[in-house]
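The values are calculated or read from the model by the stated rules, or taken from the named source; none is laboratory data. As the structure is a computational prediction, the values presented were derived from the model and not from experiment. So basically every Cβ, Gly included, is an ideal-geometry build from the backbone, and we count neighbours across all protein chains shown. Note: accessible area is taken over every heavy atom of the protein model, side chains too, but ligands, DNA and RNA are not part of it. Shrake-Rupley method; radii C 1.70, N 1.55, O 1.52, S 1.80 Å.
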Amino acid sequence: MKYLITGATGHLGSHIFNDLIKLVPSSDITAGVHTISKAKSIADTGAQVVGIDFMKEVDCKINPNAVRTKKISFL
């Protein structure tokens with residue numbers, strides 16, 4: 001299963017990411033972040049990092065090229 005964590009560099013999102021990475025391979029996790037430069041530590045784990053800005057309508061739609069899976073679990 002693949003997972004997309006939005007707000008992964010924020011307070012709650014970072015805790016969710018740190019707990020989830022203990023349970024599943026980092027290759028199964030995509031971290032959606034507003035500021036990609038703040039996600040270096042997430043990228044270093046092997047998780048994919050994608051920029052998401054909920055103020056932009058285009059970013060609110062799942063991009064199949066950003067998250068290559070048919071099943072996405074929203075936590």
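A few notes on this one:
- The residues of region 1-52 expose on average 56 square angstrom of accessible surface per residue, using a 1.4 Å probe on protein heavy atoms.
- The label-point distance for Leu12 and Thr35, in a model that sets each label 7 Å from Cα toward Cβ, rounds to 2.0 nm.
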